[in-house]
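The values are calculated or read from the model by the stated rules, or taken from the named source; none is laboratory data. Because the structure is a prediction, the values reported are computed rather than measured. With ideal geometry, Cβ positions are generated from the backbone for all residues, glycine too; neighbour counts draw on all protein chains shown. Just so you know, the surface numbers come from the protein's heavy atoms only, side chains and all, with ligands and any DNA or RNA stripped out. Shrake-Rupley method; radii C 1.70, N 1.55, O 1.52, S 1.80 Å.
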Amino acid sequence: MEDPERSRFPETKVNAHTMHLARLERLRAELRKVGCAGGLFYDPINIRYATGTSNMQVYSLHNPCRYVFVATDGPVVLFDFKGCGHLSRDYPAVDEARTAVPWYHFVTGPRVDEKVRLWASEIADLVMLYGRGDRRLAVDRLDPPGLRALEELGIRVVDGQAPANYAKVIKTEDEIVAIREAIHVCEEGMRRMDMAREPGITEMALWAHLHEANIELGGEWIETRLLNSGPRTNPWYQEASARVIQNGDMIAFDSDLIGPHGYSADISRSWIAGDRPPSDDQRRLYEAAFRQVHANIELFRPGVTYREIAEYANVLPSRYFERQNACVAHLQRISTRHA
């Protein structure tokens, strides 16, 4: 059987078959904890976690065109976009591929009620066939017509996002390798940005170097466009624009990159454009940021809880409170060495 990850990413060291099956069992373990016959997942990130498959990831984020039924004790049935059943042929976590029944309004228009009944009947049949009398189904996202249609057939819908999230808490060895590869791609993209950050380039043109590297090296998409320069760096959360970067400008960005294997590499950086020395204000900001980051790094040790990290995190000076980020830290890299 062909390894789909190795054919897609020739340089990968990930054992995709092992990773996919291990993730599926973690998900099933969480479904057992909440006493469900199975799970129905529409979120493309959850579909990928359960099956290893990906197809039209961004499109399916806002068009529910594919979904997967994961029996707690039974098969995994992937419902894919029409004509795409062959895409999951070599994935060991997929037992059966069927054509999805689309019932969202963009596709079905006035036939939503008709299509949703067909869809619900097929899902209810799977629950009753493999649920051994249990009609509880964990679902991560579902529009109201779908919820009503399942309930009319006696299916009790419960939250499926929590079990999916808890399954992802612990990473397998292959997942760690996959995360490293995603971070490597992100770092290569940032290296290309660093080489291109000369005065005269626009914010969007600089941002494009990260996209290019990600796609070229097997990544998938970038979730935001958070790159800005000069006066646009404050307040934060401004997306990249056509502004031309000037000599001495600060450039700030957050990668929010979804790289190879669908893993995120969320890394922030701040640079100074050109050859003008940093201003006194920029130096003060850098000093405050350096102190904050390195004080919090010391908190991340084996055995420390998230609550303890939150309670003992370094407190920024009051003048920064209004603009401070809600997060204590971003994941920067995976390493076997101590920080």
- prompt: Over the chain, what is the percentage of antiparallel beta bridges among all DSSP beta bridges, to the nearest 5?
  reply: 65
- request: State the answer as a single residue: which of 274, 264, 237 lies farthest towards the positive end of the charge dipole of segment 236-298, with beta carbon charges of +1 for Lys and Arg and -1 for Asp and Glu, about the Cα centre.
  value: 274
query: So for 159, 254, what's the accessible-area order with a 1.4 Å probe, most first?
result: 159, 254
statement: In the chain the accessible area split gives carbon plus sulfur, as whole percent at 1.4 Å, a share of 54
message: Please report the accessible area of residue 318 (heavy atoms, 1.4 Å probe, ligands and nucleic acids excluded) in Å², nearest 10.
response: 90
task: Looking at segment 131-270, send over the antiparallel percent of its DSSP beta bridges, to the nearest 5.
output: 75
field: Accessible area in the full protein assembly, largest first, 1.4 Å probe, for 125, 266, 194
entry: 125, 194, 266
task: Quick one: compute the contact order of the chain, relative version, from alpha carbon pairs under 8 angstrom and 6+ residues apart, as a percent.
output: 13
Helical contribution to [θ] at 222 nm, DSSP H n ≥ 4, -39,500 (n - 2.57), averaged over the chain, rounded to 500: -12500 deg cm²/dmol
- prompt: If you take the charge dipole of the chain about its Cα centre, with +1 on Lys and Arg Cβ and -1 on Asp and Glu Cβ, which of 317, 218, 167 is farthest toward its positive end?
  reply: 317
field: Overall form of segment 1-128 per C-alpha gyration tensor (a/c, 1.5; a/b vs b/c)
entry: oblate
- prompt: Please report, for the Cα atoms of segment 155-224, the Rg to one decimal and the Dmax as a whole number; what are they, in angstrom?
  reply: 17.6, 60
task: First check a/c for segment 188-252, with a ≥ b ≥ c the square roots of the eigenvalues of its C-alpha gyration tensor; if it is under 1.5, answer rounded, and if not, answer prolate when a/b is larger than b/c or oblate otherwise.
output: oblate
- request: Can you tell me the FRET efficiency between residue 59 and residue 239 if r is taken as the Cβ-Cβ distance and R0 is 25 Å, rounded to the nearest 0.05?
  value: 0.75
field: Nonlocal Lys pairs with alpha-carbon distance under 24 Å, the chain (8 or more apart, or different chains)
entry: 5
field: Residue with peak Gaussian network fluctuation, the chain [Cα springs, cutoff 10 Å], from 68, 185, 58
entry: 58
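Show 171, 82 ordered by accessible area, largest first, where the area counts protein heavy atoms only and the probe is 1.4 Å.
On the way: 171 85, 82 165 Å².
Heavy-atom accessible area, descending, gives 82, 171.
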- request: For Rg and Dmax of the Cα atoms in Å, several values are listed as [x] 20.6, 65; [y] 23.1, 72; [z] 21.3, 73; flag the one computed from this structure.
  value: [y]
message: Nothing charged except the Cβ atoms of Lys and Arg (+1) and of Asp and Glu (-1): what's the magnitude of the dipole of segment 1-145 about its Cα centre? Round to the nearest 20 debye.
response: 200
- prompt: Could you give the nm distance between label points at residue 216 and residue 106, where each point is 7 Å from its Cα heading toward the beta carbon?
  reply: 3.1
- prompt: What length, rounded to one decimal in nm, is gained on full extension from residue 13 through to residue 289, with 0.36 nm per residue of separation minus their alpha-carbon distance?
  reply: 95.8 nm
task: Specify whether the C-alpha gyration tensor of segment 89-133 places it in the rounded, prolate or oblate class, a ≥ b ≥ c being the square roots of the eigenvalues: rounded for a/c under 1.5, otherwise prolate if a/b is larger than b/c and oblate if not.
output: oblate
query: Leaving out ligands, DNA and RNA but keeping every protein chain, what accessible area does residue 211 have, in Å² rounded to the nearest 10, with a 1.4 Å probe?
result: 70
